[in-house]
Structures are given as structure tokens and as C-alpha cells.
Amino acid sequence: MADQKIYQASTTAPVNIAVVKYWGKRDPKLNLPTNSSISVTLSQADLRTHTTAACSASFPTSDSLLLNSSPQDVTGARTQACFRELRSLRAALEASDSSLPKLSTLPLKIVSENNFPTAAGLASSAAGFAALVRAIANLYELTSSPTELSRIARQGSGSACRSLFGGYVAWQMGTKDDGSDSLAVEVAPASHWPTMRALILVASAKQKKVSSTSGMQTTVATSELFQRRAEVVVPKHMEEMEKAIKEKDFEAFGKVTMMESNSFHSTCSDTFPPIRYMNDVSWAAVGVVEDINRKAGKIVAAYTFDAGPNAVIYYEEANTDIVAGVVKGALGSVSGWESRDIKAQASDVLDVADVEVLNKGITRVILTQVGEGPIRTEESLI
Ligand code: DP6
């Protein structure tokens, strides 16, 4: 009888929030971007995907994926590309060492759980594909580096390639047609600048209306502003951001982060038909950050928005009171503050109309910080 053993491995993987945004594909099949990007990896204590990858001759013959207990379609080109690439790396190992079990030929069963709402603009696809690729790489005992695995995770979801590292991560767009040089690399580990904090204002836990994939395709096809962004704006921001991170210069980091978010959402407005991810609640969050910075007399808080209305506000630990404390003073009744010891401060520096909009539109806050890359765990979901 064939070997009925169940082989398995588990990992957790983080969310990342870009400070130089990926928006636009030069090759939609391989998920090759029109520009490079940089992100901050967020702590898995607060946001993470936990994934177990298993394979066995005793499993049903087709591969399967369960996310938060509901079966997912794995026949899509992106998931298939990840499975195929990982299987071929395993097959190469098996070919070089005949004593290895032929795991590459066995059906896969993947089980995943997010500790945050899926597809609410919280980069769940990034953590999801990074965890899937890392878990299967662990199962297959691949020796590939995170950068090598980023080439595979990228094919699942572009931003996922950056979630294979902790800290501050760049995705270099590359120039080759086969995508072999479109990879994620570490700019600096979390330990280089560990005081980076993030306050996430969750504006809606609903599914987003225009997916990143289709939104960016329409932008590439119709926006002229996008051309300038890809050719001029992003290359400049990439340089400035790497320097800001290396020098731990929050003012420079914050300025580029906000200008990047503005540039990205402007190209969304310039898309035809226009795409609108930020709503009135998002703009109230922009107002609050501006008021905080005006009061401080310098940039101590930086907003950024992805393909949804949630605000991510970066700040340094030393400024917790004047950033998170002030927001708590205005939004104290919302859930999520209990996870950290933040002292509510007087919020009279904030515009009352903005505070009113935030109180109506923010469903919860998430307090988190820069964190580590994927972590192997023995905790199995199977
Ligand atoms: C706005 O990585 O979700 O969050 O490659 O089509 O899966 P696909 O897109 P995805 O796009 C993320 C876009 C963004 C900016 C960013 O994370 O850089």
C-alpha cells in the first residue's frame, strides 16, 4: 500500500502596508509591476495569517484550500502558479536525492486563518499568499531564501512578495520579461527602527468594491497621470524613502508616505471611469493627521490609504501621546484601544467636524507596530 502518512508544516505571515505604493502591472499574468514599492511589515501579534500546508496520498486527489473555515477556489491561475513553482522546486530536490519522499506528487491541503477581516483593505491577500508560499516551502523543506520565495508569492498577489520579510521591505520592479528580477529585498530589519508604530482606523469591514487587480488595470489603460507617477514620481520617492528609513528620519518618511498615498489616489481619480477608495471618513482622518502635525510644528504622524477607506497612521513611539493619545481623546468609545496602554489626551487641536465624521464612520482601531517576517510554528490547523 502507498505511504498514507500526512506530511505537514505551519507558519504565520504578516500584513505589510506600503509607504511607496504598487499600482499598475506591466505583465498581469506574472504580476510584474510598473514601479517598485516599499512597505513596512506589521506585527503578527495584531495582524497575521496562520497557515498549515499538508500533503498525503490519503487526501482527495485535488488540491484544496480552506480560509477561515470556508473552501476557496484553487483553480485560479495565481494559486496554480504558486503550487506549480513550489512543486517544481521540490521535484528538483527529489531528483537530486532519491531517499526523499515524493511530496511533489501528492495532493495539497492548505488551511488558513486570518485574525482580521478578509478583503477589507487590510492587505489580507498579502499575508495570505506569503503564508501559503512559506508554509508549502517549509513542508517541502526547500532551502530557498525569502527573496527567492518572493518571486513565487508575487505571482499569487503582488504585494504578498513583501510579506516574506519583516521590517522595511522593497519590491524591486525588475526589467526582465520572465520576472526573475522582480523580487522583494530587505531595506532594513525591524530591529533597525523598532519604534515605528501604526494606528489603523478601520472605516469599514465590508468587502471592497473595485479589486486592486481590476482597478490598477483600468488605471494603466486610461490614466495619463499614472505615466508620470511610474516614470518620475515613484523613482524619486523610492530613493527618498530608502534614505529616510536608513537614517530613521521620520519627517522625511512621513512626508513621502503621505505624498505617495496622495499620488496613488490621484491616479485613481484620474482613471476613467474614476476609482474612489477614500471616502469622507478617510478624508476626516487626513484632516486629523494634519491638525496633529500642525500642533507639533513638524511631521509626527503620516497617513496612508490602500485600496479601501481605512487609514493607517504611522508615528514613532516617543510621539504616542500626541498622535495615538490625541486620536483616542476624540475616538475613545471605539473598540480596539484596550490592546495597548494609550493615555487619552485632550483632542481640542482637532477639527470638530472631522471628529464627528470619524465617530460615525470608524468601527474599530488596531494599534500595532513594525514586526518580523513569517514565523514557523508547530501549531497545526489540521
Ligand atoms: C494599494 O497586491 O492586492 O495595496 O497583485 O493584483 O493581487 P494584486 O494586487 P495587490 O495590490 C496592492 C495595492 C496596494 C498598494 C501596495 O500594497 O503596494
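The values are calculated or read from the model by the stated rules, or taken from the named source; none is laboratory data. Keep in mind it's a predicted model, so treat the numbers as computed, not measured. So basically every Cβ, Gly included, is an ideal-geometry build from the backbone, and we count neighbours across all protein chains shown. Ligands, DNA and RNA are excluded from the accessible area calculation, which covers all protein heavy atoms including side chains. Shrake-Rupley method; radii C 1.70, N 1.55, O 1.52, S 1.80 Å.
Which condition number in (1) at positive phi; (2) part of a helix (DSSP H, G or I) is the one that K248 fails? Condition (2) is where K248 drops out. Among the residues making up region 51-85, those that are assigned to a strand (DSSP E or B) and open to solvent by 10 Å² or more (accessible area, probe 1.4 Å) are S64, L65, L66, L67, S70, P71, Q72. Helices (runs of 4 or more DSSP H) fully within region 263-382 that include at least 1 residues being of a type outside the set (S, T, N, Q) and open to solvent by 60 Å² or more (accessible area, probe 1.4 Å): 280-296, 352-361.
Scanning region 135-150 for residues that are open to solvent by 10 Å² or more (accessible area, probe 1.4 Å) and either among the acidic types (D, E) or assigned to a loop (DSSP other than H, G, I, E, B) (or both) returns E141, L142, T143, S144, S145, E148. Identify the residue in region 151-180 that is free of Cβ contacts under 8 Å to residues at least 60 places away in the same chain and open to solvent by less than 50 Å² (accessible area, probe 1.4 Å) and, among all such residues, is farthest from the chain's Cα centre (by Cα). My answer is S180.
Taken over region 1-26, the residue count meeting the criterion of being in contact with a strand residue (DSSP E or B) (Cβ under 7 Å, 6 or more places away or on another chain) and either within 8 Å of the ligand (Cβ to nearest atom) or part of a loop (DSSP other than H, G, I, E, B) (or both) is 10. If you check A160, A198, A190, A203 for being within 12 Å of the ligand (Cβ to nearest atom) and hydrophobic (A, V, I, L, M, F, W, C), only one passes: A160.
All conditions but one from (1) without any contact (Cβ under 8 Å) to a residue 60 or more places away in the chain; (2) outside the structural domain of L132 (by TED's automatic domain parsing) apply to L183; the one that does not is (2). Residues in region 32-43 that are surrounded by 23 or more Cβ atoms within 10 Å (Cβ to Cβ) and within 15 Å of the chain's Cα centre (by Cα) were compared, and the one that is nearest to the ligand (Cβ to nearest atom) is S37.
Residues are listed down the side, and each one gets a yes or a no for (1) in the same structural domain as G308 (by TED's automatic domain parsing); (2) touching a strand residue (DSSP E or B) at 6+ places or on another chain (Cβ under 9 Å); (3) not aromatic (F, W, Y):
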position	(1), (2), (3)
N115	no, yes, yes
A130	no, yes, yes
Y140	no, yes, no
T143	no, no, yes
G166	no, yes, yes
G174	no, yes, yes
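On the stretch given as region 213-262, residues that are surrounded by 15 or more Cβ atoms within 10 Å (Cβ to Cβ), among the small types (G, A, S) and over 26 Å from E317 (Cβ atoms) total 3.
The single condition from (1) assigned to a strand (DSSP E or B); (2) surrounded by fewer than 19 Cβ atoms within 10 Å (Cβ to Cβ) that K29 fails is (1). Scanning region 131-150 for residues that are under 24 Å from S96 (Cβ atoms) and touching a residue at least 40 places away in the same chain (Cβ under 8 Å) yields V133, R134, A135, I136, A137, N138, L139, Y140, E141, L142, S144, P146.
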